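Notes to accompany the following structure.
Read-outs: derived from the displayed coordinates by stated rules, not from any lab. This one's a predicted model, so the numbers in the text were calculated from it and none came from an experiment.
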Amino acid sequence: MITLTAVAATVALSATSAAFAVELKWAHVYEVGSDYHQVAEWAAEEVAKRTDGRVEIKVFPASSLGKEVEINEGLGIGAVDIIYTGPSFVERYYGPIAISDYPFIMRGFDHWKSYRGSDLFKDLSAGYKDATGHTVMGLVYYGQRHVTSNFPILKPDDMEGLKIRVPNSPVMLMFPNAVGANPTPMAFSEVYLALQQGVVDAQENPLPTIKFKKFYEVQSNINLTGHLLNSLLIIASDSAMGKMGDDSDAVREVLEEAAAKVSDSIYQAETDLISWFRDQGTQVNEIDRKPFQDAVLPKLTDWDKVPYDKEQFDRLQAL
């Protein structure tokens, strides 16, 4: 009888603990097979372990809870709790945090890592929190973006009038506008079909994304413009931070580890993929980037139009 009572009490306690577990939704637009999703699933498991099941994260990939603009809006209304999102999408809420995503402003992976650990990044994250109430939990390396097309692009003139898909954010318009292209904002999930049907002539993304989204199947050339070095932010909503209570530090620790883990993976993949694409029969074109950089520079330092100021620009360049 005592044994049965003890078992019943244990079951009741387990049921109570499960009932009161905080359940958080982590939404993103990337495929199930991508490193971003795989590491998010790893983070969900780690959070459950380190909080003894008090915080449970369910990951929703491939725009299943909305496209990028929608999941950003979802943070404010409680539709989602955690997201991966690009700084260029966050720019509409707090402009300066998008500085790292501007054309040719980052010098490479080592410069990016210095930025990730810098006081500048901490200050910009704090500015975003002041503006929205939401918390930046980590910075993820997304890679250098390159233009794909059905013919070689070796100089700015080759992009004149090119109908190129770009994400729907202001920063993404700067590079194509500077070289005379015709930027066409479009949801990420629609790009493959648009390329296949000729709705757009080109698109731009990092090499791992070009692989995962299979853009090389419908574009014959990858042009190594490296015009942007992109990041993703891992952001937790204000309401999610409130729900987690004392466990928020453990969750932040896991998400920072996840950000570092996926960043290293993406950088390695980016390094290895040039030869992989060539093996698939895709033409990969090395280019002289300086003419492209020269075309963009006047826009990059037009202080009346960019969302960051000269002091922030200089701090980033000094890293």
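Results, tabulated for the structure shown:
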{"read-out": "Between the stretch 112-135 and the stretch 23-76, the alpha-carbon center distance in angstrom", "value": "21"}
{"read-out": "Fraction of beta bridges assigned by DSSP in the chain that are antiparallel (%, nearest 5)", "value": "55"}
{"read-out": "Val284 long-range amide H proximity, modeled H, under 5 Å", "value": "Ile222"}
{"read-out": "J(HN,Hα) series, the stretch 223-236, from Karplus relation 6.51 cos²θ - 1.76 cosθ + 1.60, nearest Hz, glycine and proline x", "value": "9, 7, 5, x, 6, 9, 10, 9, 10, 10, 9, 9, 10, 10"}
{"read-out": "Rg and Dmax of the stretch 96-250, Cα atoms only, in Å", "value": "17.6, 56"}
{"read-out": "The stretch 219-277: C-alpha pair distances exceeding 15 Å, %", "value": "66"}
{"read-out": "Cross-link pairs beyond the 30 Å C-alpha cut-off, checked among Lys290/Lys310; Lys25/Lys213; Lys155/Lys214; Lys25/Lys129; Lys25/Lys163", "value": "Lys25/Lys163"}
{"read-out": "Translational diffusion of the stretch 247-319, µm² s⁻¹ [Kirkwood Rh, Cα pairs; Stokes-Einstein; 20 °C; 1.002 mPa s]", "value": "129"}
{"read-out": "Over the chain: helical MRE at 222 nm, DSSP H runs n ≥ 4 each giving -39500 (n - 2.57), nearest 500", "value": "-14500 deg cm²/dmol"}
{"read-out": "Mean shadow area of the stretch 10-120 over all directions, Cα convex hull, nm²", "value": "9.2"}
{"read-out": "Contact order normalised by residue count of the chain, Cα under 8 Å, 6+ apart, percent", "value": "24"}
{"read-out": "Solvent-free Debye scattering, log10 I(q)/I(0), computed from the Cα coordinates of the chain at q = 0.10, 0.14 Å⁻¹", "value": "-0.58, -1.08"}
{"read-out": "Gap separating the Cα centres of the stretch 249-317 and the stretch 190-230, nearest whole Å", "value": "16"}
{"read-out": "Built amide H within the under 5 Å cut-off of Val80, gap 5+", "value": "Leu75"}
{"read-out": "HN-Hα J in Hz across the stretch 271-277 - Karplus 6.51, -1.76, 1.60, θ = phi - 60°, x for Gly and Pro", "value": "5, 7, 7, 4, 5, 4, 4"}
{"read-out": "Sequence-distant residues sharing a close amide H with Val166 (under 5 Å, placed H)", "value": "Thr184, Met186"}
{"read-out": "Whichever aspartates and glutamates have a C-alpha closer than 16 Å to that of Lys58, once near sequence neighbours (fewer than 8 apart) are set aside", "value": "Glu23, Glu31, Glu41, Glu45, Glu46, Asp81"}
